[in-house]
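The values are calculated or read from the model by the stated rules, or taken from the named source; none is laboratory data. Here the structure is a predicted model, which means the values were calculated and not measured. Glycine also receives a Cβ, built like all others from the backbone with ideal geometry; neighbour counts cover every protein chain displayed.
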Amino acid sequence: MGKKLWLGLLLMILVGSIFLVNYLVLKSQQDQEQVNTESENKEAADDKSAEIVTDAGDVIVEGDTRYQTVTYETLFDNSKFHQFKVVISKEEWDGLSEDMLDIQGVDDYMRTTNYRKADLYYTDENGEVFIGEVGFRTKGNTSRVLPEDENGIHRFNFKIKYDETFEMEEMSVAYEYRKQREFAGLEELNFKANNGDDPSNIRELYSYDLISDFGITAPKASMATLTIMIAGVEHDYGVVKYVEPIDKNFLTKRFGKGNNDGNLYKCLWQNYGPASLVPLARSSAIGVKDSSKNYRPTYDLKTNKDEKNVQDLLDFIKNINSLEGEDFKAYIESHFSVDRFIRSQAMDVVLGNIDGYRSMGNNYYLYFNEDGIVEWIPYDYDNILGAGWDGDPYWSYEGIAAADIYEWNNLNAKMYDSDVIHPLFDKIIAIEEYKEKYEEYLATLIEPSNGYFNYDSFMERYQMLYELYGASVDNEMQEGNLWELSNEEWYFNTKNESISGQLGD
């Protein structure tokens with residue numbers, strides 16, 4: 001009996017061992033399958049991530065820290081050398097002109113808002129950055145030219161849009177990623193080509209720096225060389241300016257994230273006349289631009305477009321025109337950035353801006369911030385310092401340099417024989433306290449020791465930029481390849497003497 005018992009125990013151990021070995025083998029196979037599955041899932045996820053980034057047209061964001069180091073400040077540092085290169089296919093290049101010609105039937109100025117696909121390279125002293133598949137289109141109100149015609153390619157103004165989604169599927173990961181894409185804290189960037197109106201090449205840059213230094217809310221601007229590669233062939237476009245767009249990003253930088261959701265209006269001489277802030281003859285003078293129908297309101301709502309609630313601007317126009325005396329003063333002090341507006345109007349006098357509010361009812365923004373204050377934001381300073389458009393035959397450059405600081409020449413009234421006024425300035429300056437502030441700012445601007453508006457400060461900027469870009473100004477098109485002084489010294493001296501005499505200094 002003892003022998004049989006031992007044989008039984010050995011048999012049981014043998015059977016158990018077989019089961020144990022089979023279990024361990026099976027478990028090992030299952031573990032390996034799990035590892036393989038996890039690895040495949042990770043690879044698929046990595047592939048999907050790469051696909052998302054590629055579809056978004058921005059292959060450098062995930063791994064290129066250089067992309068993150070191009071800041072808003074470095075992009076607009078005028079003491080540095082900047083370069084841009086646009087790379088575009090022949091089909092997309094031709095599409096720029098086709099888009100303009102397609103809309104010519106409804107708009108003689110061919111002001112299309114359709115974007116074409118291009119790649120963008122930006123280079124500064126720290127290296128090169130690539131940004132794939134940006135939006136690229138022509139830009140300008142009355143100054144647009146075809147990028148190419150029977151006479152060849154031309155220099156032109158254009159806009160780059162970093163967050164353009166093109167035909168991406170809405171709500172897709174790639175679409176959402178692209179909608180949030182920025183470069184140097186910007187969603188867009190505007191480029192301007194000098195086609196000969198400014199021989200010095202730097203007047204607008206000088207003006208924007210001066211405006212900001214004087215405490216006026218305004219965009220930043222800088223300069224760069226530009227190359228456009230069309231179907232693999234590089235074309236040298238020489239030197240161009242680029243200007244910060246006035247949009248929600250601009251509002252965030254100036255007023256903070258907690259005060260950037262108000263209505264922003266672009267105020268421009270358009271289909272409904274000048275933006276002089278007089279009572280509206282037609283309600284459609286305020287609205288959201290529709291280029292396809294050439295609907296271009298004088299007061300173009302740029303934010304909160306879905307809501308289209310423009311009651312704030314209607315109330316503002318009504319109150320500044322209907323209120324008088326102490327009621328007007330109380331309203332404007334509690335609802336408007338009066339000091340920045342007065343600074344801006346004094347600046348327009350010294351710069352000789354004849355395409356702004358007082359002369360043309362043109363080229364400014366109004367932002368209704370969430371504190372209940374309306375902010376004044378001027379822009380577009382290409383007709384200044386006795387260059388560009390001189391308002392001929394109603395206003396010569398000599399007249400601009402020696403203009404009356406109180407009775408600024410009203411080109412709307414002269415050119416269109418209409419009783420166009422500018423009530424915001426006229427009623428503010430009629431208040432003695434604000435008239436004195438206006439005169440104080442004019443005196444501050446022309447005082448040499450302050451370093452604001454004088455020929456020496458202009459020449460300092462001219463020399464700095466010439467050393468950076470003077471050798472690059474010649475371009476393949478031979479358009480606007482100027483970098484020379486003309487009447488600047490005469491203008492500064494004449495303007496300062498005129499203002500000083502009128503102030504009684």
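With respect to Glu433, determine if the residue is of a type in the set (D, E, K, R) and either buried (at least 18 other Cβ atoms within 10 Å of the Cβ) or at positive phi (or both).
Taking the combined requirement at face value, the residue does not satisfy it.
For segment 245-256, state whether one or more residues are under 26 Å from Val420 (Cβ atoms) and either touching a Gly at 6+ places or on another chain (Cβ under 8 Å) or touching a residue at least 60 places away in the same chain (Cβ under 8 Å) (or both).
yes
Please count how many residues of segment 237-264 are assigned to a helix (DSSP H, G or I) and more than 14 Å from the chain's Cα centre (by Cα).
Summing the residues that are assigned to a helix (DSSP H, G or I) and more than 14 Å from the chain's Cα centre (by Cα) in segment 237-264 gives 4.
Considering (1) touching a Leu at 6+ places or on another chain (Cβ under 7 Å); (2) assigned to a loop (DSSP other than H, G, I, E, B); (3) closer than 15 Å to Ile332 by Cα, say which one Leu424 fails and leave the rest.
(2)
Can you name the helices (runs of 4 or more DSSP H) wholly within segment 265-374 that have at least 2 residues being in the same structural domain as Tyr416 (by TED's automatic domain parsing) and at pLDDT 95 or above?
Result: 311-322, 325-335, 338-351.
If you go through segment 280-319, how many residues are free of Cβ contacts under 8 Å to residues at least 24 places away in the same chain, within 20 Å of Ile373 (Cβ to Cβ) and either hydroxyl-bearing (Ser, Thr, Tyr) or touching a helix residue (DSSP H, G or I) at 6+ places or on another chain (Cβ under 7 Å) (or both)?
1
Yes/no matrix, rows are residues, columns are (1) of a type in the set (A, V, I, L, M); (2) assigned by TED's automatic domain parsing to the domain that holds Ser337:
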| site | (1), (2) |
| --- | --- |
| Glu439 | no, yes |
| Leu442 | yes, yes |
| Tyr455 | no, no |
| Phe458 | no, no |
| Arg461 | no, no |
| Asp474 | no, no |
| Trp490 | no, yes |
| Lys495 | no, yes |
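Residues to consider are Asp108, Asp99; find the one that is surrounded by fewer than 17 Cβ atoms within 10 Å (Cβ to Cβ) and free of Cβ contacts under 8 Å to residues at least 60 places away in the same chain.
Just one listed residue meets the conditions, Asp108.
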